[in-house]
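**Student:** Here's a structure for you.
The values are calculated or read from the model by the stated rules, or taken from the named source; none is laboratory data. Since this is a predicted model, take the numbers as computed values, not measurements. Reconstructed Cβ throughout: ideal geometry from the backbone, glycine too, with neighbour counts over all protein chains shown.
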Amino acid sequence: MTQRNGISGTSDRILHSEASKIFQQANGIDHEKIQEADDCELEERGQEGGRRVSVAVTGAVEAPDGGWGWMVLVATILVLALTLAFPSCVGIFYTDLQNEFHATNSETSWVPSIMTSALHAGGPFCSMLVEKLGCRATIMLGGVLSGLGMAASSFTQSITELYITAGVITGLGFCFSFQPAVTILGHYFVRRRVFANAMSSTGTALGLCTLPVLGNYLHIEYGWRGSFLILGAVLLNCCVCGAVMRPLQPKRHRGQPLMNHGPPPPDENSDSKKKGRVRTIWSSMLAFLSKHMAFNQFCNNLRYRVYSIGITWMMLGFVVPLVYLVPYATANDMEPSQAAYLLSILGIVNIVVRPPFGVVFNMPWFKGRHVYVFSAALLVNGLSNSICCIGPSFHVLLAYVVIYGLSMSVVGSLMFTVLMDVVEMSCFPSALGLLAVMESVTLLIGPPLAGKGNIDIIMSERCEENVGHTFLSHETITIKPVKTLEV
């Protein structure tokens, strides 16, 4: 009787599995765009004198491409505004931090540098948390971490303590918030993913537009310590955004419970399973490094190697204007409110330009030409810093901000698209992880290296970074025909 029941249970499970597949095909579910769950799940409950087996057939997760996904898109925009754009807000408090801690330009510039570096370097740790906790819990954890870090910064008594609180803790919180937000957005949108990514990129511009104005107001009313405390409370809104991002649940079809009398079979392989777990520790570590750190791509893929080195070199000076623009303007007798508006104008330019660029670059004519547009934008972005050599007046800096913002919008819109053209999509997560770690090094040392000079000539000397932009532009254009021939 027990053997017959076992055979019957197996037959029922097969029938449920086949029925589930037929149901999915009848409803036109695209298995390439959704995450497939297990065909069936067995829930076994040991009972005295028998066991009860309940068969649960789990369907697949389908991207809604709308619906609640629009709320997730809005939440992602807010998360990117609060995280990626926040380091630029620190420049408003630059002079106060120098006077409070008697620090040099280089010492003070380590604060936003460490913050930005931790934001990028924490990618592998963020991936581990997403695998263990999910995107929603990781985003909320990042919001708590960044909020506590900024609140603790208001009580620091030395520049070193500020490095830890505002730099490391807040930066890691930003990393834990923005990367899962971008990831879960890709789960909600497949057919409209290009449009969703273009719209989400406006979050950084929104932060550049609003955070400097908010920071300047708080600075006038409460000083830098009170401002940091209030900004810490503002960053807690990442928890609210994370709560909105509920994970997509697969459709579940539970079958009838089956009674299988008799004791459960003994676990004869328990010892071997324990030994297997021990043996797989090292292989799991190697698999993790292979998944999140694309060392094999860096060694074997020439295009990816040139791209990653060029982007890393570019980042050495890419964020310098965001850190030193306000101090440079105020050091030349410009009103602090006017200097803060320059960053706001930079954000407005990005908000207005990025969505249309995202739509235009998605047209068929630009297919295969993204790398040329990207390289030209990098070259213009580097050369735009030469405008600062003309003078420190408001109109000159306004022209600089507009040109820099336009080229920055193109670079931001196409950076990941070009990377997808350079590597296979199956290798994209690991390639992006290695690139983020490489970027974190130059983002860490870039502003402090620029701070070695006088604040009046930092923006002018920034023109030397054109070499890095030109290098990347030349190399990416040069290797493009090779990629075309291979395809």
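**Student:** Examine region 310-321 for a residue that is in contact with an Asp or Glu (Cβ under 6 Å, 6 or more places away or on another chain) and among the aliphatic types (A, V, I, L, M), and state whether such a residue exists.
**Tutor:** yes
**Student:** Suppose the filter is modelled with pLDDT of 75 or more, crowded, with 18+ Cβ neighbours inside 10 Å, in a helix (DSSP H, G or I) and touching a Pro at 6+ places or on another chain (Cβ under 9 Å); does GLY242 pass it?
**Tutor:** yes
Here is a yes/no grid of residues against (1) more than 23 Å from the chain's Cα centre (by Cα); (2) of a type in the set (Phe, Trp, Tyr); (3) assigned by TED's automatic domain parsing to the domain that holds LEU206; (4) assigned to a loop (DSSP other than H, G, I, E, B):
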{"residue": "ILE311", "(1), (2), (3), (4)": "no, no, no, no"}
{"residue": "MET315", "(1), (2), (3), (4)": "no, no, no, no"}
{"residue": "GLY358", "(1), (2), (3), (4)": "no, no, no, no"}
{"residue": "PHE374", "(1), (2), (3), (4)": "no, yes, no, no"}
{"residue": "SER386", "(1), (2), (3), (4)": "yes, no, no, no"}
{"residue": "PRO392", "(1), (2), (3), (4)": "yes, no, no, yes"}
{"residue": "VAL401", "(1), (2), (3), (4)": "yes, no, no, no"}
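**Student:** Which residue pairs have Cβ atoms under 8 Å apart, sit 6 or more places apart or on different chains, and have a first residue in region 141-169 that is in the same structural domain as VAL244 (by TED's automatic domain parsing) and more than 14 Å from PHE93 (Cβ to Cβ) and a second that is modelled with pLDDT of 95 or more and charged (D, E, K, R)?
**Tutor:** Filtered contacts from region 141-169: no entries.
**Student:** Could I ask something else about it? Return a yes/no flag: does region 192-206 have any residue that is charged (D, E, K, R) and under 16 Å from the mean Cα position of the chain (by Cα).
**Tutor:** yes
**Student:** Return the residue satisfying two criteria in turn: it lies in region 369-392 and is free of Cβ contacts under 8 Å to residues at least 24 places away in the same chain and under 30 Å from GLU335 (Cα atoms), and of such residues it is surrounded by the most Cβ atoms within 10 Å (Cβ to Cβ). Spell out how you get there, then give the answer.
**Tutor:** At the first step, the residues of region 369-392 found to be free of Cβ contacts under 8 Å to residues at least 24 places away in the same chain are 369, 384, 387, 390-391.
Narrowing the set further to residues that are under 30 Å from GLU335 (Cα atoms) leaves 384, 387, 390-391.
Numbers: SER384: 24, ILE387: 20, ILE390: 13, GLY391: 10.
Applying the filter and picking the extreme gives SER384.
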